[in-house]
Amino acid sequence: MHVPNGFLDAPTSVATGVVATAAVGVALVKARKELDDRTAPMAGLIAAFIFAVQMLNFPVGAGTSGHLMGGALAAVLVGPWTAVLSTSVVFIVQALLFADGGITALGTNIVLMGLSTVLVGYLVFLGMRAVLPKRASFVPLAAALGALVSVPVASLVFVVLYAIGGNADIDLSALATAMVGVHLLIGIGEAVITYLAVASIVSVRPDLVHGARPLLEQRRLVIHDTAPATSSQETSA
């Protein structure tokens, strides 16, 4: 879904750039509460993983492309604020070194593929975690549903931005149909990948998964006394 230079007019690009800059600035402050010595390395791994999967692009048309996004996955694993930073770093590197998305559209791409997928994916995850059984084994399912919803919603955000400031002469209904249709299929693939990734980590180190920590804190430590019972009566000689 990388937006190229000139696809949106200057006011729209500037507005999304301001939103992206503000969001990244807030995330730099808020992410300090999400990371510690154990989880900080995972943020880098998540960024590298998202970068790798986003190299696989599927053409949608009119200069746009679709691919896996990873916002929901990052939010569940390292927290939403850290996820905003991780995804933003990916988009900056892609724009500067690989010309994947325009430099003038960098703010737009951060809003579309970073902010929207992280926000929607994490909110859906929180909602599903609230209604599913309170066990860490259900965290991957909640994360997968968040990923499934976040991708087509992000494509709708793109259609809205195009309706506001699109420069190309494209029919809105045709654009919406193409974007949502392709990204719904991509969302299914992203849900599967998100489920497998989160499940693999939860199975061995659930304490490293940001979205699973509240469930772990609710566990109660139960100690069973296995020592043999002793009689309270004394025998007389």
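The values are calculated or read from the model by the stated rules, or taken from the named source; none is laboratory data. For clarity, every value in this text was computed on a predicted model and none was experimentally measured. FYI the Cβ positions are ideal-geometry reconstructions off the backbone, even for glycines, and counts take in every protein chain you see. Side chains are part of the model used for accessible areas, which takes the heavy atoms of the whole protein and leaves out ligands, DNA and RNA. Shrake-Rupley method; radii C 1.70, N 1.55, O 1.52, S 1.80 Å.
Of note:
- All told, Ala174 meets the bar of being part of a helix (DSSP H, G or I) and farther than 20 Å from Gly114 by Cα.
- Lone unmet requirement of (1) exposed (fewer than 14 other Cβ atoms within 10 Å of the Cβ); (2) within 28 Å of Glu34 (Cβ to Cβ); (3) not polar (S, T, N, Q) for Leu208: (1)
- Matching residues, the stretch 173-200, being open to solvent by 40 Å² or more (accessible area, probe 1.4 Å) and closer than 20 Å to Ala40 by Cβ: Ser200
- For the stretch 109-139, a residue qualifies if it is in a helix (DSSP H, G or I) and farther than 19 Å from Thr82 by Cα, and the qualifying residues are Gly127, Met128, Arg129, Ala130, Val131, Ala136, Ser137, Phe138.
- For the stretch 1-41, the tally of residues that are modelled with pLDDT of 95 or more, open to solvent by 30 Å² or more (accessible area, probe 1.4 Å), among the small types (Gly, Ala, Ser) and under 16 Å from Val89 (Cα atoms) stands at 2.
- Val159 being farther than 18 Å from Ala197 by Cα, assigned to a helix (DSSP H, G or I) and at pLDDT below 95: yes
- Residue match in the stretch 143-152 (condition: open to solvent by less than 10 Å² (accessible area, probe 1.4 Å), in a helix (DSSP H, G or I), in contact with a His (Cβ under 9 Å, 6 or more places away or on another chain) and not hydrophobic (A, V, I, L, M, F, W, C)): no
- Cβ-Cβ distances below 6 Å connect the following pairs, each with a first residue in the stretch 71-83 that is within 11 Å of Thr117 (Cβ to Cβ), a second residue that is open to solvent by 10 Å² or more (accessible area, probe 1.4 Å) and aromatic (Phe, Trp, Tyr), and a separation of six or more residues or different chains: Ala75/Tyr122; Pro80/Tyr122.
- In the stretch 111-142, residue farthest from Val90 (Cα to Cα) [restricted to those that are of a type in the set (Val, Ile, Thr) and open to solvent by less than 10 Å² (accessible area, probe 1.4 Å)]: Val139
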